[in-house]
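S.K.: Pasting in a structure now, in structure tokens, and then I'll have a few things to ask.
The values are calculated or read from the model by the stated rules, or taken from the named source; none is laboratory data. For clarity, every value in this text was computed on a predicted model and none was experimentally measured. All Cβ positions, even for glycine, are placed from backbone atoms using ideal geometry, and neighbour counts span all protein chains on display. In case anyone asks, the SASA skips ligands and DNA or RNA and just uses the protein heavy atoms, side chains included. Shrake-Rupley method; radii C 1.70, N 1.55, O 1.52, S 1.80 Å.
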Amino acid sequence: MRLSKIIFVISIMASFLMLVASVIAFVIHDIWYFWMMFALMVVSILQNISVYKHIYTSEEPAKS
């Protein structure tokens with residue numbers, strides 16, 4: 001597995017943790033923190049989509 005794919009998986013896990021933090025902030029009524037984590041999560045997901053397109057559509061050399 002290439003390093004870029006490992007970083008991609010770690011980034012997806014970070015997005016999930018931001019979702020968890022957003023839900024916890026919403027439950028304890030910390031609205032400012034909720035919106036901050038929600039915005040960071042959206043940005044992270046958009047970056048993940050871009051990285052996914054780059055990783056899986058780029059030409060890889062044939063392995064022999």
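S.K.: State which residue is most open to solvent (accessible area, probe 1.4 Å) when the search covers only segment 1-15 and only residues that are in contact with a helix residue (DSSP H, G or I) (Cβ under 9 Å, 6 or more places away or on another chain) and in a helix (DSSP H, G or I).
M.R.: For segment 1-15, the residue satisfying everything is 7.
S.K.: Output the residues belonging to segment 31-41 that are open to solvent by less than 70 Å² (accessible area, probe 1.4 Å) and either at pLDDT below 90 or among the aliphatic types (A, V, I, L, M) (or both).
M.R.: 37, 39, 41
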